[in-house]
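Presented below is the structure to which this report refers.
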Amino acid sequence: MGETRVYDMIVVGGGPGGYTAALYAARAGLDTLVREKLSAGGQMALTEEIDNYPGYEDGSDGFTLAEKMQRQAERFGAQTAYAQVERMELTAAPKALKTSEGTFYARTVILATGANPRELGLAGEEALVGRGVAYCAACDGMRYKGKTVAVVGGGNSAAGDALLLSRIAERVVLVHRRDQLRATKIYHEPLIQAENVEFRWNSTVTELLHEEKLTGIRLRDVQTGAESVLPCDGLFISVGRKPATELVKGQLELDAGGYVTADETTRTNLPGVYAVGDVRTKPLRQVVTAVADGAMAVHMAEEYLAGGA
Ligand code: NAP
């Protein structure tokens with residue numbers, strides 16, 4: 001299986017950064033293949049409502065936006081192949097990608113593998129996924145209609161999840177280890193105004209209480225050490241992301257958080273290899289910043305293919 005053909009560019013990951021790279025590459029006449037595990041969109045596809053992507057004045061759900069990005073890139077000749085990439089040889093010439101469907105070769109590689117939800121690491125956490133523990137309010141929120149849920153975290157994801165859940169669940173308790181949110185101000189007022197949202201500041205979750213399903217969580221006040229039990233039907237863990245960099249460890253330079261070290265040029269430490277979207281070091285991980293990366297990466301790749309740096 002696989003092909004002996006050498007693509008100008010293989011894009012690994014079909015989120016907004018990946019498909020924008022594919023769009024720009026295909027329009028530049030580069031022979032381009034997108035390798036995607038399952039379906040387009042990455043984390044974006046799991047987002048119920050995207051209101052901060054320009055041009056969509058009424059917002060869009062992430063899945064639809066992802067499909068549109070894929071179709072737009074394919075209109076110009078980019079191809080998509082569904083396969084799990086198992087190993088990458090990024091210093092080889094051409095670069096080789098070993099996948100579940102064979103080995104594929106390319107002159108340039110764009111890494112657009114994104115970042116996945118971070119776990120709390122509590123006993124039983126993995127086993128309780130789908131039975132009370134969740135990482136995506138947009139995906140699993142509806143299961144908790146009329147119920148009590150807790151959300152852990154203080155960033156934009158946690159604030160957004162708590163707001164979304166306040167429209168579904170009867171009671172939402174936001175648990176954060178600090179005494180204030182880190183989320184952007186736009187979330188603060190609606191959360192405070194929501195009558196069914198409560199805050200447990202300076203608190204961490206120390207235990208998942210359960211029978212077959214989650215029945216509650218044990219909380220610890222980080223200032224006093226006092227413990228308490230919060231009975232709840234669901235726990236949404238929104239404590240950030242971990243970059244999907246397993247495949248490139250040892251080849252690409254990573255920062256302390258595990259993100260690929262690359263500035264706005266998206267160039268990595270290896271010639272012809274670019275990192276776009278949530279997987280690279282950057283101060284703001286958004287759809288708009290991911291798509292900008294995709295365009296930039298192709299610009300740099302074209303220079304490289306033409307014999308530049
Ligand atoms: P984040 O901004 O890194 O926030 C993670 C939150 O989880 C922080 O409040 C952190 O606490 C807390 N946390 C981390 N580990 C924890 C642990 N073990 N136990 C308890 N709490 C823990 O992550 P994010 O909210 O997922 O956002 C990720 C990126 O996506 C950000 O760049 C964000 O701006 C972007 N995003 C944007 C939007 C939007 O604009 N609509 C929506 C979602 C995400 P500390 O505060 O104490 O560190």
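None of the figures in this text is laboratory data; all of them are computed from the coordinates on show. Note that the structure is predicted; figures quoted are calculated from it, not measured. When we count neighbours, we look across all protein chains shown, and the Cβ atoms used for this are built from the backbone with ideal geometry, even at glycine.
Is there a pair in K249/K282; K147/K185; K98/K282; K37/K68; K37/K242; K37/K98 whose C-alpha atoms are over 22 Å apart, and which pairs would that be?
Working: K249/K282 19 Å; K147/K185 27 Å; K98/K282 28 Å; K37/K68 18 Å; K37/K242 18 Å; K37/K98 13 Å.
Beyond 22 Å: K147/K185; K98/K282.
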Next on the checklist: To check you understand DSSP bridge types, tell me what percent of the beta bridges within the chain (both residues inside) are antiparallel, rounded to 5.
Outcome noted: 45 percent
Checklist entry - If you build a Gaussian network model of the chain, linking Cα atoms that sit under 10 Å apart, which residue out of L163, L46, L122 swings the most? => result L122
Checklist entry - For the Cα atoms of the chain, what angle does the longest principal axis make with the long axis of helix 156-166, in degrees from 0 to 90, nearest 10? => result 50 degrees
Checklist entry - Top mean-square fluctuation among Y53, Y135, Y274, Gaussian network model of the chain, C-alpha springs under 10 Å? => result Y53
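Could you tell me whether segment 123-245 comes out rounded, prolate or oblate from its Cα gyration tensor? Rule is a ≥ b ≥ c as square roots of the eigenvalues, rounded for a/c under 1.5, then prolate if a/b exceeds b/c, otherwise oblate.
Details: a/c = 1.26, a/b = 1.12, b/c = 1.13.
Rounded, since a/c falls under 1.5.
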Checklist entry - Amide H to amide H under 5 Å from A169: which residues, 5+ apart in sequence or cross-chain, H placed 1.01 Å off N in plane? => result G146
Checklist entry - If one takes the longest principal axis of the Cα atoms in the chain, at what angle in degrees, from 0 to 90 and to the nearest 10, does the Cα axis of helix 62-75 lie? => result 0 degrees
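Residues with beta-carbon under 13 Å from that of A134, excluding A134: net charge, scoring Lys, Arg +1 and Asp, Glu -1? Don't skip to the end; give the middle numbers.
On the way: positive: R131, R143, K147, K213; negative: E119, E125, E126, D140, D161, D233.
Here the count lands on -2.
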Item to check | Helix 287-305 vs. the chain, principal-axis angle (Cα, 0 to 90°, nearest 10) | outcome: 20 degrees
Next on the checklist: For a quick check: with amide H placed at 1.01 Å from N, whose amide H comes under 5 Å from L174's, ignoring anything fewer than 5 positions away on the same chain?
Outcome noted: V151, E198, F199, R200
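Report the net charge of residues surrounding R267, where surrounding means a beta-carbon distance below 14 angstrom and charges are Lys +1, Arg +1, Asp -1, Glu -1. Display every interim value, and only then the final one.
Numbers: positive: R280, K282; negative: E253, D263, E264, D293, E302, E303.
Charge balance near R267 sits at -4.
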Item to check | Across the chain: Cys residues that no other cysteine approaches within a C-beta distance under 4.7 Å | outcome: C232
Item to check | GNM flexibility winner over the chain from G18, G121, G234 (Cα, springs under 10 Å) | outcome: G121
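Would you tally the net charge around T245, using a Cβ to Cβ cut-off of less than 13 Å, leaving T245 out, and scoring K and R as +1, D and E as -1?
Working: positive: R241, K242, K249, R280; negative: E246, E253, D255, D278.
Local net charge: 0.
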Checklist entry - Out of segment 119-189, which GluC sites (Glu not before Pro) are coil in DSSP terms and have no more than 14 other C-beta atoms within 10 Å? => result E119, E126, E170
Checklist entry - Length gain on complete extension for the stretch E67 to A226, per 0.36 nm per residue less the alpha carbon to alpha carbon distance? => result 52.4 nm
Item to check | Förster radius 22 Å - calculated FRET efficiency between W201 and D51 (Cβ-Cβ, nearest 0.05) | outcome: 0.20
Checklist outcome for this item: Per the Kirkwood formula over distinct C-alpha pairs, the hydrodynamic radius of the chain in angstrom is 20.6 Å
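Go ahead and estimate [θ] at 222 nm for the chain from helices alone: -39,500 (n - 2.57) per DSSP H run with n ≥ 4, summed, over the residue count, rounded to 500. Walk me through the numbers before you get to the answer.
On the way: 6 runs with 66 residues, N = 309.
My calculation for the chain gives -6500 deg cm²/dmol from helical runs alone.
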Checklist entry - Hey, rough spin-label estimate for R143 and A295, points 7 angstrom out along Cα→Cβ, what's it come to in nanometres? => result 3.9 nm
